[in-house]
1. Output the relative contact order of the chain, whole-number percent, from Cα pairs under 8 angstrom with separation of 6+ residues.
2. Which of these values of Rg/Rh (Cα atoms, Kirkwood Rh) was calculated from the structure shown: (1) 1.02; (2) 0.99; (3) 1.05?
3. Provide 131, 81, 190 in ascending order of the number of other Cβ atoms located within 10 Å of each residue's Cβ, fewest first.
4. Given a Förster distance of 51 Å, report the FRET efficiency between residue 103 and residue 1 from their Cβ-Cβ distance, rounded to the nearest 0.05.
5. What value, in deg cm²/dmol to 500, does the helix sum -39500 (n - 2.57) over DSSP H runs of n ≥ 4 give at 222 nm once divided by the residues of the chain?
6. Return one number: the angle in degrees, 0 to 90 and rounded to the nearest 10, between the long axis of the Cα atoms of helix 192-204 and the longest principal axis of the Cα atoms of the chain.
7. Expressed as an acute angle from 0 to 90° and rounded to the nearest 10, what is the orientation of the C-alpha long axis of helix 223-235 relative to the principal long axis of the chain?
8. Nearest 10 degrees is fine. How inclined is helix 42-63 to the longest principal axis of the chain, computing both from alpha carbons?
């Protein structure tokens with residue numbers, strides 16, 4: 001039942017925030033491999049979770065085909081966001097003028113072309129920009145990665161007049177990141193198997209935002225995992241009888257072996 005629940009809940013999560021879909025293969029593969037090592041039904045359980053995920057998402061996929069004539073698993077605006085972060089304007093990580101919601105000209109274009117054609121246009125424009133400015137794209141992607149984990153974008157006076165809270169946020173966000181890394185390092189030394197899913201989450205999930213635009217807001221899907229690592233970074237690992245590196249709050253006492261493997265991952 002845990003594997004079925006995992007697939008269903010992950011599908012629901014992806015419908016509300018498609019960005020988390022990049023972590024699905026890793027979060028599914030880790031417990032499947034653990035179960036395989038113990039001789040459990042890893043393939044069956046993996047298929048159950050995968051099918052449950054598909055069952056949740058397919059109705060939306062069918063809707064996209066019928067209403068938008070688009071072959072997409074889940075409706076998303078990735079290429080709009082990619083273009084917004086890669087127009088050559090670095091005055092802000094996410095310039096407001098690039099979005100229909102804050103620019104009447106873009107909104108009119110969106111209405112004229114329709115969503116599918118509008119996103120296709122932004123796709124072409126974004127790819128063309130990156131092809132013509134690969135070094136600029138690489139440099140700005142590094143800036144976005146730094147912003148994701150430190151909150152820093154610019155200390156220019158003009159920028160700070162619009163975003164005055166970026167200064168205190170820089171110290172707050174950077175402190176959390178350092179504590180998170182300290183906690184992850186300690187947990188990795190103590191129990192690599194238990195720490196691996198957390199490592200993969202914080203390594204894989206942000207990549208979408210490194211290539212588009214970044215802000216602390218976009219960390220929300222992994223904030224619970226960040227908070228757990230921060231707590232470990234501050235207080236260390238709370239172990240049961242000193243025999244396990246897995247925090248007490250991440251362990252379950254009396255579950256079936258299959259459920260334990262999935263939860264432990």
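The numbers here are math on the coordinates, done by the rules we state, and not lab data. Please read these numbers as outputs of a predicted model, since none were measured by experiment. Cβ: placed from backbone, ideal geometry, glycine included. Neighbour counts: every protein chain shown.
1. Values: 304 pairs, mean separation 57.5, N = 265.
Answer for the chain is 22 percent.
2. Computing Rg/Rh (Cα atoms, Kirkwood Rh) and matching it to (1) 1.02; (2) 0.99; (3) 1.05 gives (1).
3. Values: 131 9, 81 21, 190 17.
Going from least to most buried by this count: 131, 190, 81.
4. Working: r = 48 Å, r/R0 = 0.94.
Working from the Cβ atoms, E equals 0.60.
5. Helix contribution divided over all residues of the chain: -21000 deg cm²/dmol.
6. That works out to roughly 10 degrees.
7. Here the helix axis deviates by roughly 60 degrees.
8. Roughly 30 degrees between the two axes.
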